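The structure appears right after this line, and notes come after that.
The values are calculated or read from the model by the stated rules, or taken from the named source; none is laboratory data. Quick caveat: nothing in here was measured; it's all calculated off a predicted structure. Here the Cβ positions follow ideal geometry from the backbone for every residue, glycine too, while neighbour counts run over all protein chains shown. Note: areas computed on protein heavy atoms with side chains; ligands, DNA, RNA excluded. Shrake-Rupley method; radii C 1.70, N 1.55, O 1.52, S 1.80 Å.
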Amino acid sequence: MTAVLSSSQRERRHERLPLRHLDWSLVLFMVALSAVGDVLIYSATHSQSGTSFLLRQTMFVVIGVAVMLTAAFVDYRHLRDWSTMLYISAVGSLILVLIIGSENNGTKGWFEIGSFTVQPSELAKPIVILALAAFVSSRDTVLNLRRIALALGLVGLPMVLILRQPDLGTVMVFAAIAMGMLLVGGARSIHMILLVVGGVLIVGAVLTSDGLDQYARDRLLSFADPGADPAGASWQQEQAQLAIGSGGLTGQGLFEGPQTQLQFVPEQQTDFIFVVAGEELGFVGGAAILAGWGLLLLRIFRTAQISRDGFGAMLCAGAISMFVFQIFQNVGMSTGILPITGIPLPLISYGGSSFLASSATLGLVLNVHMRRFS
């Protein structure tokens, strides 16, 4: 009997081992999307830069996988205890970049480290998700107006600092994260409606103020009147639409898209990487990429459902909110149905900071999945 009990106890302990419950399908989808991104980045850049962008992005992928596994193997309940310290460090980096950061296209949002740049606003995304999840799940009661205001203050501080860079696109991502997590956290419908109305008013105020750089304002407003500046602010979106339209059902062929290979679309390896897929792989290729992301999002949703606590579910809600908004906005601006905001396509677009932020966020989801029995 003792031997039987010991065997049963060993089986239960084995069942609780975190590694045994790693979500390999999520890892597979992440690696597959990253590989597709590498191919598209190479197609977008090889005619002028050879393999340099491909090699750098491959390095980011390797580092990103390491970051994801690190975020997965440190128990997320311990990370909850560190959330305040991590949040303070993220806010500190956003303040520092305004002082000593480098500027690009009117936005002062990067640290230059040798030949690399680090964008603290991207790295702050998983940290804010962690901090907000810790706050919202700290009580079992429904979110009242006071707690909603405190949660908005938690997200609002980095948003204000990022708006000072200015980077309205990233601010919108943080707003989407807050809205999604508050909704899942139990905020009342009337409060959510008021937040949406307030957000629209704030965006309108920013667009009409002097706080936004003229370059960014022109890109946003060109959506309302595409013909106002066809050789300037409207050029990027018009070329993107032409490229995607020429792709048709099956595309021009990988490495064969004329718009892509002749570099007609500015920033096609970063913000407009979906244009490369649309032109060279067509509707089928673009749909396959979105389907891959859909499957990955389903795995995150499933993890939220089986999470053993509210904190884990809130982490997954933050991840879904971030990824869904970025995908929707990136594809929307590439196809011309949304204004240009400079938001990258997660795991696909070129860029180390964006990839590491996405990897860390997926690591948090894996963490929750691995510890659903412990």
For the chain, set up a Gaussian network in which alpha carbons nearer than 10 Å are linked by springs, and say which option among Leu249, Leu356, Leu54 fluctuates the most.
Leu249
At R0 = 41 Å, how high is the FRET efficiency between Ser49 and Arg308 if r is their beta carbon distance? Nearest 0.05 is fine.
0.30
State the percentage of accessible surface on the range 10-117 attributable to carbon and sulfur atoms; use a 1.4 Å probe and exclude ligands, DNA and RNA.
66 percent
Residue separation between Arg77 and Leu262 times 0.36 nm, minus their alpha-carbon distance, gives in nm 61.6 nm
Calculate the spin-label point distance for Thr70 paired with Ala32, positioning each point 7 Å from the Cα along the beta-carbon direction, and give it in nanometres.
2.8 nm
Among Phe116, Asn105, Ala133, which residue has its Cα furthest toward the positive end of the charge dipole of the range 65-147, with +1 on Lys/Arg Cβ and -1 on Asp/Glu Cβ?
Ala133
Residue with peak Gaussian network fluctuation, the chain [Cα springs, cutoff 10 Å], from Ser189, Ser25, Ser89
Ser189
Full-extension gain between Val160 and Ile95, please, as 0.36 nm times their residue separation minus the C-alpha to C-alpha distance.
22.4 nm
Nonlocal amide H pairs with Leu347, under 5 Å, H built at 1.01 Å
none
Whole-Å distance, taken between Cα centres, linking the range 71-143 and the range 256-292
30 Å
Over all distinct Cα pairs, what is the inverse of the mean 1/r for the chain, reported as the Kirkwood hydrodynamic radius in Å?
21.6 Å
Can you give the calculated 222 nm mean residue ellipticity of the chain, where each DSSP H run of n ≥ 4 adds -39,500 (n - 2.57) and the sum is split over every residue, rounded to the nearest 500 deg cm²/dmol?
-24000 deg cm²/dmol
Give me the percent of accessible area attributable to carbon and sulfur for the range 227-374, probe 1.4 angstrom.
66 percent
Taking 0.36 nm per residue of separation and subtracting the Cα-Cα distance, what length does fully extending Leu183 through Phe255 add?
21.6 nm
Where only protein heavy atoms count, and the probe is 1.4 Å, what is the accessible area per residue for the chain in Å²?
45 Å²
When only DSSP loop residues count, what chymotrypsin sites (Phe, Trp or Tyr not before Pro) in the range 300-374 have their Cβ near at most 15 other Cβ atoms within 10 Å?
Phe373
Simple spin-label estimate for Phe111/Phe301, 7 Å along Cα→Cβ, in nm, reads 3.7 nm
